[in-house]
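Worksheet for the structure shown next.
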Amino acid sequence: MNPSSGRLASLDGVRGVASVVVVLYHVSLLARPFATGRISEPAWDIATETPLKLLFAGTEAVQVFFVLSGLVVALPLLRGGASWPGFFAARFVRLYLPVWGALLFAAALILLIPRDQASVTTGEWIANANATSVDPLHLLSEATLTPVSYTLVNTLWSLRWELIFTLLLPVAVLLARLLRRWAWPIAALMSVVMVAGRVAGVDAAVYLPAFFIGTLIAVRLDSLRGWAAERSRPWQWGILTGVSAFLLVASWLSRPFVESSSTLGQALWGLSGVGAAGLIVVAIGSPLARRLLEVRPILWLGKVSFSLYLVHAPILATLAFSFGDARWWLVGIVGVPLSLVVAAAFFQLVERPSHGLARRVGRAVQLRSETVRSWAVSRRGERARSASSDGLPHAAPEPTDG
């Protein structure tokens, strides 16, 4: 933790690692049709059904993002460091401006570098989840973050859940405060809800509990640190790290034995949120994890992680349509470093200015709300003083004839 800012630097590192995992995941989606059912399928099985899957467990990494958001977004509000009007104003600016920038970036790529559907594999991620043309109405729809699926910037589906949780945050913070004493049993209950939600196919029950577990970690952060300080032996953290990583990708590790679409396979996938929460606990409490996550390159990745998350899918899609997804390896070799470079530029040109604007808007709205509240309080005080200084009894109003 940075003592001067109160920022949990290791969590920035987690965010950076998770963003790279998502990028590699999308490269793996390009490779998948050329591995399954072919001579290279054994290599694909080794990559996806062993701990190597942790390197590109993209959907599971999004669960890590959700737990992180529930923690870091709620923490200032739990500590009384922000007002609700100021928070919402700043949060919407910080969320929407980079999203709009990414959509314009993606639209520009599509218009400048035409995409031929015949150059990619039909029925796969590249063909199904990435637009080949720009429809202004569709662009505006995605800019609201209200659709369920997205094709201009495919990763925006998770930002929709970020928006939903932001709107629900007052309830989440209130519940976290009320249930603070029972935070860990409630977190266990949320884990059960995530598993049941995955089995039942209810996305809200899969994703929103992950956010709330993060909020529960935030409300018990001090006690969590105290608990962690009593566990200084590396093997203790090694076990928690291993168990959390296993839960994160349990549905993949079990595939040699369990059909992924079966009830058990879906239940195992539901445990990914539990694994994500465990990894966040490790990042907060383990001295070794903090040292690894706080090295400069990882922290830099954390700084540009949101930008990387927003720009990499349009870049990979553009390259895949240009090279053909059969050359997925070339897309990865070019696309991953190019995404990092573009993310750095996007951070400087779009995301960082949005942070500054969000702070200014948040302060202005907070100041305005405080001014209105003070005026309302003073007006009530003036009315009370006026009534008490009259000195005469006030008759109750007569009922009107009806």
Which residue, Leu271, Leu11, Leu78, tops the fluctuation ranking in a GNM of the chain built on C-alpha contacts under 10 Å? Leu78
Ranked on Cβ counts within 10 Å of their own Cβ, fewest leading, Ser260, Ser28, Ser119 go Ser260, Ser119, Ser28
Label Leu52 and Leu357 with points 7 Å out from Cα along Cα→Cβ: what is the distance between them in nm? 4.4
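Working out 0.36 nm times the residue gap between Trp300 and Trp329, then minus their Cα-Cα distance, what length gain in nm do you get to one decimal?
Values: separation 29, 0.36 × 29 = 10.44 nm, distance 2.55 nm.
Length gained, Trp300 through Trp329: 7.9 nm.
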Compute the distance in nm between two label points, each set 7 Å from the Cα along the Cα-to-Cβ direction, one at Ser261 and one at Thr132. 2.6
Theoretical FRET efficiency, 1/(1+(r/R0)^6), r = Cβ-Cβ of Trp375 and Leu174, R0 30 Å, to 0.05: 0.70
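Which shape class applies to the stretch 9-373: rounded if a/c is under 1.5, otherwise prolate when a/b exceeds b/c and oblate if not, where a ≥ b ≥ c are the square roots of the Cα gyration tensor eigenvalues? Intermediate results must be reported in sequence, preceding the final value.
Values: a/c = 1.70, a/b = 1.16, b/c = 1.47.
Judged from the Cα gyration tensor, the stretch 9-373 comes out oblate (a/c at least 1.5, b/c at or above a/b).
Rounded to the nearest 0.05, what FRET efficiency is calculated for Leu104 and Ile164 with R0 set to 25 Å and r the Cβ-Cβ distance? Before the final figure, lay out the partial values.
Working: r = 24 Å, r/R0 = 0.95.
It comes to 0.60.
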Which of Ser322, Ser232 has the fewest other C-beta atoms within 10 Å, and how do the rest follow up to the most? Ser232, Ser322
Suppose the chain between Thr122 and Leu288 were pulled fully straight at 0.36 nm per residue; how much longer would it get relative to their current alpha carbon spacing? 55.3 nm
Distance in nm between label sites at Ile239 and Trp84, each 7 Å beyond Cα in the beta-carbon direction? 4.3
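Provide the packing ranking of 358-370, 303-315, i.e. peptides ordered by the mean count of other C-beta atoms within 10 Å per residue, highest first.
Values: 358-370: 15.8, 303-315: 25.5.
Answer by packing, highest mean first, reads 303-315, 358-370.
No lab work stands behind these numbers, since they all come straight from the coordinates. None of the values given here were measured: they were computed from a predicted structure. With ideal geometry, Cβ positions are generated from the backbone for all residues, glycine too; neighbour counts draw on all protein chains shown.
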